[in-house]
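Engineer: Can you read through this structure? Questions will come right after.
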Amino acid sequence: MFSRRQFLLTSGGLGMTALAIGLLPKFSTGSALISEASAAEVFEVTHSDSEWHAILSDEQYDILRQEGTERAYSSPLNNEHREGTFACAGCNLPLFSSATKFDSRTGWPSFWAPLDKAVATRQDRTFGMVREEVHCRRCGGHLGHVFDDGPKPTGLRYCMNGLAMKFVPTTV
């Protein structure tokens with residue numbers, strides 16, 4: 001799998017230093033598309049590339065740090081129906097409530113809204129299409145994409161990679 005970040009690295013678009021210290025193009029915190037990522041943002045949680053490799057599995061590293069995508073229907077989180085919170089696998093930031101999860105029949109865990117101030121978005125123009133890419137607000141980890149074909153009340157579908165998250169059940 002050849003991610004957009006790998007392409008940028010080989011073409012000189014981003015240096016290894018930027019990746020190592022947690023710099024990525026600035027994200028929008030709203031759901032509106034932005035035309036260009038214009039500035040670098042430093043995230044609250046940063047690690048060197050080798051530290052990310054030690055923290056994450058190879059598959060999680062590919063998704064969260066290299067903007068890869070897991071195979072459809074491969075995530076156990078598709079069948080997670082308990083009450084709880086879905087958190088970032090990179091920094092443990094709570095991202096989505098189970099109350100907003102729904103079966104989109106796409107093969108990836110889907111939600112109609114993130115938790116307040118949990119995610120950031122930016123425009124993704126790879127593969128000849130325009131999509132809104134979703135990242136963890138705290139560590140910049142790639143989570144998936146958001147589309148405007150979701151259920152009410154938002155009409156949005158946050159289509160997330162299950163390996164980019166972990167589930168924390170509500171304790172009773």
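Values quoted throughout were computed directly from the atomic coordinates according to the rules given, and no laboratory measurement underlies them. Treat the numbers as computed from the prediction; the structure is a model and nothing was measured. Cβ placement follows ideal geometry from the backbone for every residue including glycine, while neighbour counts extend to all protein chains displayed.
Engineer: Looking at the square roots a ≥ b ≥ c of the eigenvalues of the Cα gyration tensor of the stretch 86-148, which shape do they give, rounded for a/c under 1.5, prolate if a/b is larger than b/c, or oblate? Can you show the working numbers first?
Structural biologist: Values: a/c = 1.96, a/b = 1.18, b/c = 1.66.
Oblate shape, in that a/c is at least 1.5 and b/c is the bigger or equal ratio.
Engineer: Could you line up CYS91, CYS159 from fewest to most neighbouring Cβ atoms inside 10 Å? Write down the numbers at each step before the final one.
Structural biologist: On the way: CYS91 19, CYS159 23.
Exposure proxy ranking, most exposed first: CYS91, CYS159.
Engineer: Moving on to the next point. Scan the stretch 78-148 for trypsin sites (Lys or Arg not before Pro) in coil per DSSP, keeping those whose Cβ has at most 16 other Cβ atoms within 10 Å, and list them by number. Display every interim value, and only then the final one.
Structural biologist: Numbers: sites: ARG82, LYS101, ARG105, LYS117, ARG122, ARG125, ARG131, ARG137, ARG138; in loops: ARG82, ARG105, LYS117, ARG125, ARG137, ARG138.
Those that pass, being in a loop and sparsely packed, are ARG82, ARG105, LYS117, ARG125.
Engineer: So who's got an amide H within less than 5 Å of the one on GLU132, skipping anything under 5 residues away but keeping other chains? H placed 1.01 Å off N, in plane.
Structural biologist: Amide H neighbours of GLU132, under 5 Å, 5+ apart: ASP124, VAL146.
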